[in-house]
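Working notes, beginning with the structure itself.
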Amino acid sequence: MSFKSKKISAFLKQRNLSWYWLYQHTDIGKTTIYDIRNDTNKHVEFETMEKIADALDVSLDGFRSKEEVE
C-alpha cells in the first residue's frame, strides 16, 4: 500500500468511514477509488486529491505529512 493510500485509509478509519463512502461522497469514479486504494494508480490527479480532502474535511497538507493520523 502506498503512502497516499495509507493516509487516506487512516483518515477514513479515524472517521469510521469506508472507501465506498468516499466514492459516494465525491465525484470520483469507482475505478479511480479502487485504483488509489490498491495502489494501481501511481499518479493521482491534483483535482482528485482535492475532492478526497474536501470529502474528508482535511487539508491537502494532511496527505503530505509523514506524521501519523490521530
Handout entry: Check on H25, at pLDDT 95 or above and open to solvent by 70 Å² or more (accessible area, probe 1.4 Å)
Key = yes
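For (1) modelled with pLDDT under 95; (2) open to solvent by 100 Å² or more (accessible area, probe 1.4 Å); (3) among the hydroxyl-bearing types (S, T, Y), each residue gets a yes or a no:
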position: W19; (1), (2), (3): no, no, no
position: K42; (1), (2), (3): yes, yes, no
position: M49; (1), (2), (3): yes, no, no
position: I52; (1), (2), (3): no, no, no
position: V58; (1), (2), (3): yes, no, no
position: S65; (1), (2), (3): yes, no, yes
position: V69; (1), (2), (3): yes, no, no
Practice task
Report yes if some residue within region 41-60 is without any contact (Cβ under 8 Å) to a residue 24 or more places away in the chain, hydroxyl-bearing (S, T, Y) and touching a Phe, Trp or Tyr at 6+ places or on another chain (Cβ under 9 Å); otherwise report no.
Solution key: no
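The values are calculated or read from the model by the stated rules, or taken from the named source; none is laboratory data. Values in this document were obtained by computation on a predicted structure and should not be read as measured data. Reconstructed Cβ throughout: ideal geometry from the backbone, glycine too, with neighbour counts over all protein chains shown. Surface accessibility is based on the protein's heavy atoms, side chains included, excluding ligands, DNA and RNA. Shrake-Rupley method; radii C 1.70, N 1.55, O 1.52, S 1.80 Å.
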